[in-house]
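K.L.:
A single structure is presented below for examination.
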Amino acid sequence: MTRPILLRRGRVIDPSQRLDERLDLLLVDARVAGVGRDLSPPEGTAVVDVSGLVVAPGLIDLHVHLREPGDEHKETIASGARAAVAGGFTSICAMPNTRPPIDDPAAVGFVRAEGERAGFARVYPVGAVSVGLKGEEITEVGELVAEGAIAVSDDGRPVWDSGLARRVLEYTQAFDIPYFSHAEDLGLSGNGVMNEGPVSTALGLRGIPNAAEDVAVARDCILAELTGGHLHILHVSTRGAVEIIRAVKSRGGRVTAEATPHHLALTDEAVRGYRTEAKMNPPLRSAADVSAVRDALVEGVIDCIATDHAPHHYEDKEREFDDAPFGIVGLETALGVCVRELVVSGRFDLLELIQRLSCQPARIAGIPGGTLAEGAPADVVVFDPEERWICRPEEFKSLSRNTPFAGQELVGRVAMTLVGGRPVFDRMGDRRAATAGVEVS
Ligand SMILES: [Zn+2]
């Protein structure tokens, strides 16, 4: 049994209750026991002074690649879950494109059990849409859900067969789960390695046009309207995709969407110098695309932020640009990048940011969390919204270091993360050296 904890006099931000106030938060028996002014805790409670810090529902990431099974040198379920809590995430959804893929009930059960065993962030498996991610035969969706899958996806690859995509959107309704779509027309993206535009021309690299995403998003949206299934579009990166999603939502289509911190923060200019840490799929786009994606997030056309955390080994990213793998890690930089890009710039207040990083993802995936209402799981992030810090990949808990934000100043840093009322990440010690300590009542 975990000892009760009282987080005293923090700035409690909980969009689910429209709260942004200096309050106490009491956590007892893995649940939120109360939020209010000057709470008197039960005997034996650990009292932590969090004045000056934000206390919010733990962040939730719908889109994470853990590399277990198959590539444990890049990331394991445990190392990824540990990186998650260091970044303030209390729940993460693990994509199925491992080796072998998560396409049967035993594999789903393995991911769930390993996540529980690690004891950091909660790990929710995403099951594969197709057997072996081959895009041919649909998986036993019901059995995957029974073992704990919260969604299905072939992420990393699109479901190119429109008939299969239609059937998935029909099946998932029976189990009330979303279909997470990696929307890409492979014929259009071809052998491209970065965004198609003036920068790819200047660098002499093969481009991936916006149309590769726009066409696929349009198809999936049409199928979502046809079937009534819940379509969630992963990593939106183009202004065209934004327009299509806006239109289908305005007609009442059951479509949700996410954007990554890197697509909100960086353009394809970051690729100059053939920097492989700026190589991802979908690629970093033009300034006009970044601006459209940001506007869509503010407007609510894009519902949430997800990292697409994609660990790769140093040696793989050291290869020539053409041969290097796509993807970057994101769990430990997401909050700092988002506060810098969205809050410091005045586009968002912190309440809106927590909405997009916690409440909305919980709603989309239908998982617990995203609220500090009484009785909710005691999944909490405590962070300093103003702390400026330099991103040093060598300090990551993730086993991989591939980030385009290395050496940059980020704003907003996690001080403490609690999952089920248990502190699973704690930097308060460093902070306390300058302030008051923990008192025990
Ligand atoms: Zn993807």
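Derivation of every value follows stated rules applied to the coordinates shown; laboratory data play no part. Since we're looking at a predicted model, the values are computed, not measured. Every residue, glycine among them, receives a Cβ derived from its backbone with ideal geometry; neighbour counts consider all protein chains shown.
K.L.:
With θ set to phi - 60°, apply the Karplus curve 6.51 cos²θ - 1.76 cosθ + 1.60 along segment 239-245 and write out the HN-Hα couplings as whole Hz, x wherever there is a Gly or Pro.
P.N.:
Coupling constants for segment 239-245: 5, x, 4, 4, 4, 5, 5 Hz.
K.L.:
Where does segment 1-152 land on Rg(C-alpha)/(2.2 N^0.38 Å)?
P.N.:
Normalised Cα radius of gyration, segment 1-152: 1.27.
K.L.:
On to the next question. What's log10 of I(q)/I(0) for the chain at q = 0.08, 0.12 Å⁻¹, Debye sum over Cα points only, no solvent?
P.N.:
Normalising to I(0) and taking log10 leaves -0.42, -0.96.
K.L.:
List the trypsin sites (Lys or Arg not before Pro) within segment 158-254 that DSSP assigns to loop and that have no more than 16 neighbouring Cβ atoms inside 10 Å.
P.N.:
ARG206, ARG251
K.L.:
Let me ask something else. Of all beta bridges DSSP finds with both residues in segment 11-126, what is the antiparallel percent, to the nearest 5?
P.N.:
DSSP beta bridges in segment 11-126 are roughly 45 percent antiparallel.
K.L.:
Rg to Rh ratio, segment 239-344, alpha-carbon atoms and Kirkwood radius? Can you show the working numbers first?
P.N.:
Values: Rg = 14.8 Å, Rh = 14.7 Å.
Computed over Cα atoms, the ratio is 1.01.
K.L.:
How far, in degrees from 0 to 90, does helix 77-86 lean away from the longest principal axis of the Cα atoms of the chain, to the nearest 10?
P.N.:
60
K.L.:
Round to the nearest 10 and give me the degree value, 0 to 90, for the angle of helix 287-299's Cα axis relative to the longest principal axis of the chain.
P.N.:
50
K.L.:
Tell me, what HN-Hα J-couplings in whole Hz come from the Karplus equation 6.51 cos²θ - 1.76 cosθ + 1.60 at θ = phi - 60° for each residue of segment 17-30, using x for Gly and Pro?
P.N.:
10, 6, 9, 8, 8, 7, 9, 9, 10, 10, 10, 9, 6, 6
K.L.:
Run the simple label-point estimate for ASP161 and ARG422 please: 7 Å along Cα→C-beta, distance reported in nm.
P.N.:
With each label point 7 Å from Cα toward Cβ, the separation is 4.3 nm.
K.L.:
If the reach is capped at under 19 angstrom between alpha carbons, list the lysines near LYS317, excluding any in the same chain fewer than eight residues apart.
P.N.:
Candidates past the 8-residue exclusion: LYS74, LYS279, LYS397.
K.L.:
Go through segment 1-84 and name the trypsin sites (Lys or Arg not before Pro) that are in a DSSP coil and have 15 or fewer other Cβ atoms within 10 Å of their Cβ.
P.N.:
Sites meeting the loop and neighbour criteria: ARG18, ARG37.
K.L.:
Can you compute the equivalent ellipsoid semi-axes for segment 183-226, i.e. the square root of 5 times each eigenvalue of the Cα gyration tensor, sorted largest first and rounded to whole Å?
P.N.:
The three semi-axes for segment 183-226 are 26, 9, 5 Å.
K.L.:
Determine Rg/Rh for segment 8-73; Rg is computed over alpha-carbon atoms and Rh is the Kirkwood hydrodynamic estimate from the same atoms.
P.N.:
1.16
K.L.:
Quick one: order ARG392, ARG122 by neighbouring beta-carbon count within 10 Å, fewest to most.
P.N.:
On the way: ARG392 11, ARG122 26.
Ranking ARG392, ARG122 by Cβ neighbours within 10 Å, fewest first, gives ARG392, ARG122.
K.L.:
Let me ask something additional. I want to check the label-to-label distance for SER291 and ASP349. Put each point 7 Å from Cα in the C-beta direction and report it in nm to one decimal.
P.N.:
2.6
K.L.:
Then there is this: Restricting to the chain, what percent of DSSP beta bridges are antiparallel, rounded to 5?
P.N.:
Close to 55 percent.
K.L.:
Treat the count of other C-beta atoms within 10 Å as a stand-in for reagent exposure and order CYS93, CYS391 from fewest to most.
P.N.:
Arranged by neighbour count, lowest to highest, CYS93, CYS391 become CYS391, CYS93.
K.L.:
What do you get for GluC sites (Glu not before Pro) in segment 124-155 restricted to DSSP loop and a cutoff of at most 13 other Cβ within 10 Å of the site's Cβ?
P.N.:
On the way: sites: GLU136, GLU137, GLU140, GLU143, GLU147; in loops: GLU136, GLU137, GLU140, GLU147.
Of the GluC sites (Glu not before Pro), the ones in loops of segment 124-155 whose Cβ has at most 13 other Cβ atoms within 10 Å are GLU136, GLU137.
K.L.:
Okay, moving on. Once amide H atoms are placed 1.01 Å from N in the peptide plane, what residues at a sequence separation of 5 or more from PHE425, or on another chain, have their amide H within under 5 Å of its amide H?
P.N.:
THR417
K.L.:
So, one more: Can you show me the helix-derived [θ] at 222 nm for the chain, built from DSSP H runs with n ≥ 4 at -39,500 (n - 2.57) apiece and divided by the number of residues, rounded to the nearest 500.
P.N.:
The per-residue figure over the chain is -8000 deg cm²/dmol.
K.L.:
Using alpha-carbon positions, what is the distance between the centroids of segment 200-260 and segment 65-115, in Å?
P.N.:
26
K.L.:
When only C-alpha pairs under 8 Å and at least 6 residues apart count, what is the relative contact order of segment 37-163, in percent? The partial results should precede the final answer.
P.N.:
Numbers: 220 pairs, mean separation 26.9, N = 127.
It rounds to 21 percent for segment 37-163.
K.L.:
How high is the relative contact order of the chain, in percent, counting Cα pairs under 8 Å that sit 6 or more residues apart?
P.N.:
21
K.L.:
Measure nothing fancy, just the Cα-based angle from helix 105-118's long axis to the longest principal axis of the chain, in degrees from 0 to 90, nearest 10.
P.N.:
Approximately 30 degrees, to the nearest ten.
K.L.:
Let me ask another. Pulled fully out, how much extra length does the chain show between ALA113 and ASP322, if you take 0.36 nm times their separation in residues and subtract their Cα-Cα distance?
P.N.:
On the way: separation 209, 0.36 × 209 = 75.24 nm, distance 3.72 nm.
71.5 nm is the gain from fully extending ALA113 to ASP322.
K.L.:
Tell me which residues come under 5 Å, amide H to amide H, from ALA257 once H is placed; ignore anything under 5 positions away on its chain.
P.N.:
ILE233, ASP303, CYS304
K.L.:
Once amide H atoms are placed 1.01 Å from N in the peptide plane, what residues at a sequence separation of 5 or more from LEU284, or on another chain, have their amide H within under 5 Å of its amide H?
P.N.:
Hits under the 5 Å cutoff: ASN195.
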